[in-house]
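> Quick one: the structure is below, questions incoming.
The values are calculated or read from the model by the stated rules, or taken from the named source; none is laboratory data. All values reported here derive from a predicted model rather than from experimental measurement. Counting neighbours? That spans all protein chains shown, and the Cβs are built from the backbone with ideal geometry, glycine included.
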Amino acid sequence: MSETTKNLTPNKMGTMPIRPLLITMSLPMILSMLVQAMYNIIDSIFVAQLGEAALTAVSMAFPIQTLLIAVSSGTCVGVNALLSRSLGAQDQEEAQKAAVNGIFLAIVGAICFALFGLLGSRLYFSSQTDDTAIIEYGVQYLTICLVFSFGIFLEMVFERILQSTGRTIYNMYSQGAGAITNIILDPILIFGLFGFPALGISGAAIATVIGQILAMILSLIFNLQKNTDVSISMRGFSPSLPTIRVIYEVGVPSIIMQSISSVMTYFLNLILVGFTATAVTVLGVYFKLQSFIFMPIFGLNNGMIPIIAFNYGARDKKRIMETAKFSIFIAVSIMLTGLFVFQAFTAQMLLLFNASEQMLEIGVPALRIISLSFLFAGYCIIVGSVFQALGNGVYSLLTSVARQLLCLLPLAYLFARFVGLHAVWYAFPLAEIISVAMTTILFIRIDQKKIRNLN
């Protein structure tokens with residue numbers, strides 16, 4: 001036995017009972033993501049007070065923000081999977097490479113989005129509308145968010161390094177602090193409280209990036225002070241192409257999968273704006289509200305992926321399947337709760353965003369119809385993340401492409417052209433049903449090929 005192996009202590013992801021392990025790994029992330037979802041909602045509530053044009057601008061900015069998150073989180077999925085798998089296989093050197101190359105990729109991503117923010121924001125909004133008020137609001141908001149996107153990029157990679165070593169509690173602290181800072185600064189900077197100038201929609205963007213940068217700083221400090229398993233020192237660093245390739249073998253399908261959502265939302269906005277800009281606003285409000293339901297699922301994912309990846313590295317079939325089944329149970333339970341809320345309190349939720357009569361007329365049936373997809377979404381999200389943890393992110397990609405590009409968008413277009421605005425919303429639950437069927441078929445396949453052959 002090598003000296004390195006002797007010094008390694010048993011990792012709780014390979015020894016602790018699955019249910020308490022998943023809860024302790026996921027709960028801090030679920031709570032922090034709930035806070036994140038809350039500040040996204042509060043952010044839009046404050047922006048709505050500036051007028052519907054400002055809220056529409058934020059809705060139109062959403063696809064680019066989704067793309068940013070896709071690139072960042074997809075890269076982190078690859079880093080997380082490689083890091084957890086390396087720790088499970090007791091390969092400390094590869095774990096170290098995964099961490100520092102993940103930081104490097106985050107910096108490169110932030111630079112790319114900053115350039116788009118400076119050079120492409122106006123063109124982006126002009127492609128969706130000729131309303132000058134919406135364009136000006138949108139350019140102000142998006143440029144600030146993208147130029148300072150290094151905060152969210154580095155925050156996410158630092159948090160995934162902590163996750164992979166089982167220290168998710170510190171992610172709750174960093175994300176919570178960032179979110180609370182955003183919530184406090186939003187009204188101060190938007191409306192000019194306590195002697196600050198009233199910055200309007202720019203204030204909302206500034207509050208957002210300050211919160212992200214604070215969370216980044218805290219997550220870095222926690223890694224440096226609390227993470228004894230992985231060092232994130234960049235001294236003498238040079239990019240490792242083999243490590244980057246492995247990261248993106250898992251990460252690129254995840255990036256593409258999440259980017260598809262950005263493409264889907266962009267074209268949905270184009271379909272909806274053909275009826276009225278208010279329909280675009282409704283869709284944007286839906287995405288903000290549903291994040292409060294979906295974010296806990298993503299927090300659950302963040303706790304689940306390193307557990308499954310670690311135990312796949314350790315070749316423990318029983319722990320992999322137990323983790324997957326318990327995660328599905330929790331996810332479906334959360335989504336059923338969300339479905340009830342969306343059906344019972346639809347108008348009340350829309351009124352939080354200063355909804356006009358037209359917005360209520362369009363939004364109430366829209367949210368009730370779209371939320372029917374919650375019946376199926378929890379299962380699909382969890383199983384898709386199992387694919388990623390096992391190194392088969394392409395399966396998640398296939399289901400996402402089928403659901404959003406081959407089903408949802410064509411159905412929305414056909415309903416818009418031949419039936420009317422009220423029918424467009426049915427594209428969401430219909431597409432999700434197709435996703436369930438595909439996900440199940442692919443899960444059976446990966447079980448036969450990879451899981452059953454383990455110990």
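> Check VAL401, VAL364 and return the single one that is more than 17 Å from MET264 (Cβ to Cβ), among the aliphatic types (A, V, I, L, M) and out of contact with any Gly (no Cβ under 7 Å at 6 or more places or on another chain).
VAL364
> Further question on the same structure: Confirm whether THR439 is touching a residue at least 40 places away in the same chain (Cβ under 8 Å) and either touching a Cys at 6+ places or on another chain (Cβ under 6 Å) or not in a helix (DSSP H, G or I) (or both).
It is true that THR439 is touching a residue at least 40 places away in the same chain (Cβ under 8 Å) and either touching a Cys at 6+ places or on another chain (Cβ under 6 Å) or not in a helix (DSSP H, G or I) (or both).
> So which residues in the range 413-436 are aromatic (Phe, Trp, Tyr), in a helix (DSSP H, G or I) and either under 28 Å from VAL332 (Cβ atoms) or touching a residue at least 60 places away in the same chain (Cβ under 8 Å) (or both), if there are any at all?
Listed by number, the residues that qualify are TYR413, PHE415, PHE428.
> Can you go through TYR141, TYR137 and tell me which one is surrounded by 21 or more Cβ atoms within 10 Å (Cβ to Cβ), aromatic (Phe, Trp, Tyr), farther than 25 Å from VAL252 by Cβ and under 21 Å from the mean Cα position of the chain (by Cα)?
TYR141
Residue-wise test of (1) at pLDDT 85 or above; (2) aromatic (Phe, Trp, Tyr); (3) farther than 26 Å from ILE293 by Cα; (4) assigned to a helix (DSSP H, G or I).
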| site | (1), (2), (3), (4) |
| --- | --- |
| ARG19 | yes, no, no, yes |
| ILE23 | yes, no, no, yes |
| ALA37 | no, no, no, yes |
| ALA54 | yes, no, no, yes |
| LEU82 | no, no, yes, yes |
| ILE103 | yes, no, yes, yes |
| VAL108 | yes, no, yes, yes |
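> Continuing with this model, one more query. Taking the criterion of being buried (at least 24 other Cβ atoms within 10 Å of the Cβ) and in contact with a helix residue (DSSP H, G or I) (Cβ under 8 Å, 6 or more places away or on another chain), would at least one residue in the range 91-99 satisfy it?
yes
> Among VAL230, VAL246, VAL250, which is the only one that is outside any helix (DSSP H, G or I) and buried (at least 19 other Cβ atoms within 10 Å of the Cβ)?
Of VAL230, VAL246, VAL250, the one residue that is outside any helix (DSSP H, G or I) and buried (at least 19 other Cβ atoms within 10 Å of the Cβ) is VAL230.
> Could you list, in sequence order, all residues of the range 36-47 that are buried (at least 20 other Cβ atoms within 10 Å of the Cβ) and aliphatic (A, V, I, L, M)?
Scanning the range 36-47 gives ALA37, VAL47.
> Okay, moving on. Given the range 309-412, what helices (runs of 4 or more DSSP H) lie entirely inside it while holding 2 or more residues that are among the aromatic types (Phe, Trp, Tyr) and over 28 Å from VAL246 (Cβ atoms)?
Output list reads 317-344, 374-389.
> Taking the conditions exactly as written (surrounded by 18 or more Cβ atoms within 10 Å (Cβ to Cβ) and farther than 27 Å from GLY284 by Cα), does LEU68 satisfy them or not?
no
> OK, next. Any idea which residue in the range 183-201 is surrounded by the fewest Cβ atoms within 10 Å (Cβ to Cβ), counting only those that are within 30 Å of LYS226 (Cα to Cα) and modelled with pLDDT of 90 or more?
ILE184
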